[in-house]
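Have a look at the structure below, then the notes.
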Amino acid sequence: MRFRRRPLRRLRFRPRIHVFRRKLREAHRWMETGRPAEAGKIFAEIAQAAADHDRPIASQLFLQAGRAYLDAGKMEMASSLLMQSLRIMIEQGDPRLGPISQRLTAELRAKGYPDLAQAMEQILPADLVMSARGSLAPTAPDLPAKCPYCGGNVHAEQVDRSDPERPACAYCGSPLLGDE
């Protein structure tokens, strides 16, 4: 007697986390080896998939894609992705928006893009811009420099602190501390 598999019906496609992390590691490796255009393409692809599935992590991925394209010298693409990231954070009411926008605008000015920094400040709520200028980023000396799961750089102001006992990676959402 031969068994047949029944066709899968009415199941939603759920991307596998290991594929997602593998792509993230690849993108971070491209950034480290000085090939930001390739990294930007991967980050943008993952970010769009996350946005299509209404995942909050999409904003961080669009931000990283924009930074990668900025490093590659592709201003038009970088500007579009960075603005999209900020819009998503504003819509979600992300508490990290202030420190992230402060750091991003400072980076843009340091790299010689004051017009883009000003354009970003214009879409931010006015009270957020004023409070971000005088605030300091949260300190967390016990965080690793890189995420052990996806290889992304860990910045204290980007870490998801919805659970203070277990801060999570801004890119893949994996816990950064704890079970070793």
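The values are calculated or read from the model by the stated rules, or taken from the named source; none is laboratory data. This is a predicted model, so every value here is computed, not measured. Quick reminder, even Gly has a Cβ in these numbers, built from the backbone with ideal geometry, and neighbours come from all protein chains shown.
Computed values, structure above
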read-out	value
Yes/no for Met89 being under 11 Å from the mean Cα position of the chain (by Cα) and surrounded by 16 or more Cβ atoms within 10 Å (Cβ to Cβ)	yes
Selected residue (only one of Val154, Val159, Val129 is at pLDDT below 80 and not acidic (Asp, Glu))	Val129
Helices (runs of 4 or more DSSP H) within segment 1-119 that include 3 or more residues under 16 Å from Asn153 (Cα atoms) and modelled with pLDDT under 90	17-32, 97-110
Near pairs, Cβ below 6 angstrom, 6+ apart or cross-chain, from segment 26-44 (under 19 Å from Leu82 (Cα atoms)) to any residue that is surrounded by 17 or more Cβ atoms within 10 Å (Cβ to Cβ) and among the aromatic types (Phe, Trp, Tyr)	Ala27/Phe43; Glu38/Trp30; Ala39/Trp30; Gly40/Tyr69
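So that you can scan it fast, the table gives a plain yes or no per residue for (1) out of contact with any Lys or Arg (no Cβ under 6 Å at 6 or more places or on another chain); (2) farther than 24 Å from Gln122 by Cα; (3) buried (at least 24 other Cβ atoms within 10 Å of the Cβ):
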| residue | (1), (2), (3) |
| --- | --- |
| Asp52 | yes, yes, no |
| Arg55 | yes, yes, no |
| Leu61 | yes, no, yes |
| Lys74 | yes, no, no |
